[in-house]
Amino acid sequence: MTLIKSISGIRGTIGGKPGDTLSPLDVVRFSAAYGEWIKSSNTRPLKVVIGRDARPSGPLIGQLVSQTLMAQGIDIVDLGLSTTPTVEMAVRNEAASGGIIITASHNPAGWNALKLLNSDGEFINKEIGQKILDIATESGYEFSEVKKIGSYKEDDSYIDWHVKQVLAHDLVDVDAIKSKKFSVLIDAVNSTGEIAVPKLLDALGVTYTSLYGEATGNFPHNPEPLPENITHICSELEAGQFDLGIVVDPDVDRLVLVCEDGEPFGEEYTLVAVSDYVLSKKKGNTVSNLSSTRALRDVTEQKHGSQYHAAAVGEVNVVEKMKTVHAVIGGEGNGGVIVPDLHYGRDALIGIALFLSKLAEFGKSTSMLRAQYPAYHISKNKIELTPEIDVDSILFQLAEKYSKNPINSIDGLKIEFEKEWVHLRKSNTEPIIRIYAESESQATAEHLANKLIQDIREIIAG
């Protein structure tokens, strides 16, 4: 049983003792801390937008959150079953003080979480997250007298509104997509993607079949859209009856694609393909995090003559860097696409629309499009450490050892070797170092990762 409190929110398993799991008491305490921050930092009318994915615990947690905030004098706009990007956009459209998305993203159905947004509909930063944690720890919140209790309103129209905003985007070529009469297979793991993705495809004139099709929250497989978890849709696509497979996670902020022959397009390459399309229409910078594929840098700099920038891992860090360098497209290698002139958040719906626009323009199969991009392979590893080991010291010694190589230390340590790289970063919640390595072959990537693991072990032994 697990409860994790961090600067980005609170998440945990359902059922168990308060303080050990995501219990009702913990939901109320953390919601009240967020509400106190809202009251202290906003001059606009106090209003918070909430929405949830389809997990069975969602309605219960949603009621706890809304009633707690109302007791603090905050008005609630409840979108009900929704998506993370929909809630993010609704915060701005409602001129709200903030938003809470009730979702544990790619975690199994037995988990849930509160994702916290600011008044721009973006995830709160580290400083604000720490303030909310401090308020929760100190019970530094108050509730309103009865005459000042907040109001409650339900609004289930926002997914339709979100789809309309996607269709209106300058680079979404609706006519070209309709002319191709694409046929698509969907895996949205019985969550809110089963509502949102079909609405978008209907509007784009795309024929589709959904493998599961109901927003019950009963995930048919591990909901993280990794290759080992999407074998069923890959097998179905092998028959050759569809042009594309679309996979989204439970809150629809990650987009993973599968080629018409059942081969994964690669979660790292969702952003690469969408960025290629965007850059072909408008010149500008791109951003991804340090653990994402080099292919985005290659496409940005070599194909389009633009500049690529790397950010620390985490959506809030990618967004901050995108704003700093005025990026026209960005995201993360887990299938997260951020299109800033729509909103600053990972959004599978705009990702789908832009990818289909690219595919329609390309005029050939999805697998042939994938073959247009550099072929890189990433090896993802971790090494467990005892709590007394100084991870910062290990990274410092590695930086000294590889000081002749290009090094980036904004988030752990990234070392570049011509067209290969390795990224080491410590976990914020457990004594481990995550080690990602990329090369033009899987074997070389694994060899590079193992070499750094051996270096770490030698440092510890010394």
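In table form, for the structure just shown:
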read-out: Per residue accessible area in Å² of the stretch 97-255, where ligands, DNA and RNA are left out and the probe is 1.4 Å; value: 44 Å²
read-out: The chain - mean residue ellipticity at 222 nm from DSSP helices (-39,500 (n - 2.57) per run, n ≥ 4, rounded to 500); value: -11000 deg cm²/dmol
read-out: Greater than 21 Å apart at Cα, pairs in LYS281/LYS358; LYS5/LYS126; LYS164/LYS321; LYS283/LYS358; LYS39/LYS131; value: LYS164/LYS321
read-out: Rh (Kirkwood; distinct C-alpha pairs) - the chain, Å; value: 22.9 Å
read-out: Ranking by accessible area, most exposed first, for TYR34, TYR436 with a 1.4 Å probe; value: TYR436, TYR34
read-out: Test item: Cα-centred dipole of the chain, Lys/Arg +1 and Asp/Glu -1 on Cβ, debye; value: 760 debye
read-out: Hits among lysines - C-alpha to C-alpha of LYS382 under 16 Å, sequence gap 8 or more where chains match; value: LYS414, LYS426, LYS451
read-out: Listed residues LEU46, GLY314, SER365: farthest to the positive end of the dipole of the chain (Cβ charges); value: LEU46
read-out: The stretch 95-183 - charge dipole about Cα centre, Lys and Arg +1 at Cβ, Asp and Glu -1, debye rounded to 20; value: 280 debye
read-out: Segment VAL325-SER393, extension gain: residue separation times 0.36 nm, minus the distance between their alpha carbons; value: 21.4 nm
read-out: Rounded percent of accessible protein surface that carbon and sulfur make up, the chain, 1.4 Å probe; value: 47 percent
read-out: DSSP beta bridges in the chain [antiparallel fraction, %, rounded to 5]; value: 60 percent
read-out: Heavy-atom accessible area ranking, 1.4 Å probe, most first, across ARG11, ARG92; value: ARG92, ARG11
read-out: Area accessible to solvent at SER179, 1.4 Å probe radius, in Å²; value: 80 Å²
read-out: Rounded accessible area of PHE396 (nearest 10 Å², 1.4 Å probe); value: 130 Å²
read-out: 10 Å binning of all Cα-Cα separations within the stretch 159-254, expressed as whole percents from 0 upward; value: 16, 46, 32, 6
read-out: Computed accessible area, LYS164, all protein chains, 1.4 angstrom probe, square angstrom; value: 140 Å²
read-out: Hydrodynamic radius (Kirkwood) for the stretch 268-373, which is based on Cα pairs only, to one decimal in Å; value: 13.3 Å
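The values are calculated or read from the model by the stated rules, or taken from the named source; none is laboratory data. Predicted model only: the values in this text are computed from it and were never measured. Cβ atoms come from the backbone with ideal geometry, glycine included; neighbour counts cover every protein chain shown. Accessible surface areas use protein heavy atoms only, side chains included; no ligands, DNA or RNA. Shrake-Rupley method; radii C 1.70, N 1.55, O 1.52, S 1.80 Å.
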